[in-house]
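What follows is a set of notes on a single structure, which appears directly below.
Where a number appears in this text, it was derived from the coordinates with a stated rule and is not lab data. Because the structure is a prediction, the values reported are computed rather than measured. No Cβ is skipped: glycine too gets one built from the backbone with ideal geometry, and neighbour counts run over all protein chains shown.
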Amino acid sequence: MKNKIEIPLSKAKLLFGLGGSMIFVILGVLILTKAPFVSDNTVFSKIVGVASILFFGGVLIYGIRKMFDKRAGLIIDEQGITDHSNATSIGLINWSDITAINTRQVMSTKFLLINVQNPEAYIEKAKTGMQRKLMQVNMKTYGTPISITSNTLNYDFNKLEEILQERFAEYTA
């Protein structure tokens, strides 16, 4: 295809995330098993331990699956943007559906918000209930269910933003 750009997943970034997730799962287990550093046995500490195990355990499982994913993290071509970079990735986002691409930053993490004409149609494409919930949270928080970050991509965020804005202008002109 003409001007097709394939951006791979960064195995190094994924491995770093796996390590961090593993640490938080272990800390959650230690909190629940009353490790010496846990000074109390309150309901709050148990909630924190369970939440840590569940959330970071889910991130760990997702990260392990992504480590073996052979697909490109992001593909940009004449059809649109095919996203396989994060837990809310929905696959192909057609240029004809995209109304705007905006950048947001939360703390030190920058991400691109992909506004689409019919956001509910993209939420309906969710493969799991968790993915649907995450997309609904994105919709409530940012006005679109679709976000792309370079956290798992082997690519610079600013370059990614520049390319997507150029292609959006080119294919929707």
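The relative contact order of the stretch 8-67 comes to 50 percent, based on Cα pairs under 8 Å that sit 6 or more residues apart. Restriction of the trypsin sites (Lys or Arg not before Pro) in the stretch 63-172 to DSSP coil positions whose beta-carbon has at most 10 other beta-carbons within 10 angstrom yields Lys70, Lys127. Using equal-weight Cα scatterers in the Debye expression, the normalised intensity of the stretch 21-114 in log10 at q = 0.11, 0.15, 0.18, 0.25 Å⁻¹ is -0.53, -0.77, -0.90, -1.19.
If you plug the beta carbon distance of Trp95 and Leu54 into 1/(1 + (r/R0)^6) with R0 = 30 Å, you get a FRET efficiency near 0.20.
Fully extending the segment from Gln136 to Ile26 would add 36.6 nm, taking 0.36 nm per residue of separation and subtracting the current Cα-Cα distance.
Counted as membrane-span-like here are DSSP H helices of the chain whose alpha-carbon atoms extend 30 Å or more along the helix's own axis and whose Kyte-Doolittle mean is 1.0 or above; these are 11-32, 43-67.
Distance cut-off 28 Å, Cα to Cα: go down the list Lys34/Lys140; Lys13/Lys46; Lys70/Lys127 and report the pairs above it. Where the Cα-Cα span goes over 28 Å, the pairs concerned are Lys34/Lys140; Lys13/Lys46. Working from Cα pairs under 8 Å separated by at least six residues, relative contact order for the chain is 23 percent. Multiplying each eigenvalue of the alpha-carbon gyration tensor of the stretch 78-171 by 5 and taking the square root yields semi-axes of 19, 16, 12 Å, largest first, rounded to whole angstroms.
As a rough footprinting exposure proxy, the listed residues Val116, Val106 were ranked by other beta carbons within 10 Å of their own, and the order from fewest upward is Val106, Val116. Both radii come from the Cα set of the stretch 128-170: Rg as radius of gyration, Rh as Kirkwood radius; their ratio Rg/Rh reads 1.08.
Gain on full extension, evaluated as 0.36 nm per residue between Val43 and Gln117 minus their Cα-Cα distance, stands at 22.2 nm.
Per the Cα gyration tensor, the chain maps to an equivalent ellipsoid with semi-axes of 35, 18, 13 Å, ordered largest to smallest. The distance separating the Cα centre of the stretch 80-118 from that of the stretch 5-77 comes to 23 Å.
For the stretch 8-67, the Cα-based Rg and Dmax, in that order, read 13.4, 45 Å.
Shown here for the stretch 10-117: chymotrypsin sites (Phe, Trp or Tyr not before Pro) in loop regions (DSSP other than H, G, I, E, B) with at most 10 other Cβ atoms within 10 Å, namely Phe37, Phe68.
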